[in-house]
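The values are calculated or read from the model by the stated rules, or taken from the named source; none is laboratory data. Bear in mind the structure is a predicted one, so any value in this text is a computation, not a measurement. As a convention, Cβ positions derive from the backbone with ideal geometry for all residues, glycine included, and neighbour counts pool all protein chains shown. These area figures cover heavy atoms from the full protein model, side chains too; ligands, DNA and RNA do not enter into them. Shrake-Rupley method; radii C 1.70, N 1.55, O 1.52, S 1.80 Å.
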Amino acid sequence: MRNLIHRSRYHWLRNRHHLKAHHGEQLNALTGHLVDTSLVWYFKEKARDIWKGNRVRGAKSAWQEWIELALVANIPALTNVANLIKGRLWGILNAMRHQVSNGLAEALNSRIRTIRV
């Protein structure tokens, strides 16, 4: 079982729509054994759906519902992420609304760090 779990670790990170059929079956088989992992995978997919969704108007309530459910799940790592999203929800909603990425700012920060060294 440990070997099977080890070989499935990257499948948990993939988008559910891009999984091959046999990988999806493998994850379904492991769901009973890895309850916390499968629950966190569900939350990851739900967050991806909210982020990629075309509805910006309902995004705030969708994120708030996601945060509440994540806190109730009582998984420490998921609770940390929920609190982080809760504290930065305004910025997340603005990024969704304006479809802006902070990639350019991060690249600039990386270059500044390189120059400082």
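Of all residues being in a helix (DSSP H, G or I) and open to solvent by less than 100 Å² (accessible area, probe 1.4 Å) in region 89-103, which is farthest from LYS60 (Cα to Cα)? Just the residue, please. Result: GLY103. For region 39-72, a residue qualifies if it is loosely packed, with under 15 Cβ neighbours inside 10 Å, part of a helix (DSSP H, G or I) and of a type in the set (A, V, I, L, M, F, W, C), and the qualifying residues are TRP51, LEU71, VAL72.
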